[in-house]
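Enquirer: Shown below is the structure under consideration.
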Amino acid sequence: MRFIRVVEVMDMLAVSRTTLWRMVRAGEFPASVQITVRSRGFVLEEVEAWMQARVDEGSPRREPQLNRTAVPPLSAARFPRESRRHG
């Protein structure tokens, strides 16, 4: 078992501190635990299980669609050196 700090949880979920505490208060996210008198943290395994549940209940994953529109590459011929400003 490993404890992680609030900042690590925020990074893992890509949410703000306010959003994280709202989720905890609403019972939508595992509560923090008292580590010491002045320190709280989250149980890593609980956070990871919550994340996995989000993935499992989400919509089926799709293969990324390739953009089939051909875009010609930029070439030096289209942008002659004389027209560039240096300066």
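Every number here is computed from the coordinates shown, using simple stated rules; none is lab data. Worth saying up front: this structure is predicted, and the values here are computed from it rather than measured. No Cβ is skipped: glycine too gets one built from the backbone with ideal geometry, and neighbour counts run over all protein chains shown.
Enquirer: Could you give me the radius of gyration and the Dmax of the range 3-57, taking only the C-alpha atoms into account and expressing both in angstrom?
Expert: Calculated on Cα positions, Rg and Dmax stand at 10.9, 37 Å.
Enquirer: Run the numbers for residue 36 and residue 15: contour at 0.36 nm per residue of separation, minus the present Cα-Cα distance, in nm.
Expert: This chain segment gains 5.1 nm when fully extended.
Enquirer: In nm, to one decimal, how far is the modelled label at residue 24 from the one at residue 56, with both set 7 Å along Cα→Cβ?
Expert: Label-label distance for residue 24 and residue 56, simple model: 2.4 nm.
Enquirer: Counting Lys +1, Arg +1, Asp -1, Glu -1, what net charge surrounds residue 41 among other residues with beta carbon under 12 Å of its beta carbon? Could the numbers behind the result be given before it?
Expert: Details: positive: 2, 5, 38, 40; negative: 8, 46.
Overall, the nearby charge balance is +2.
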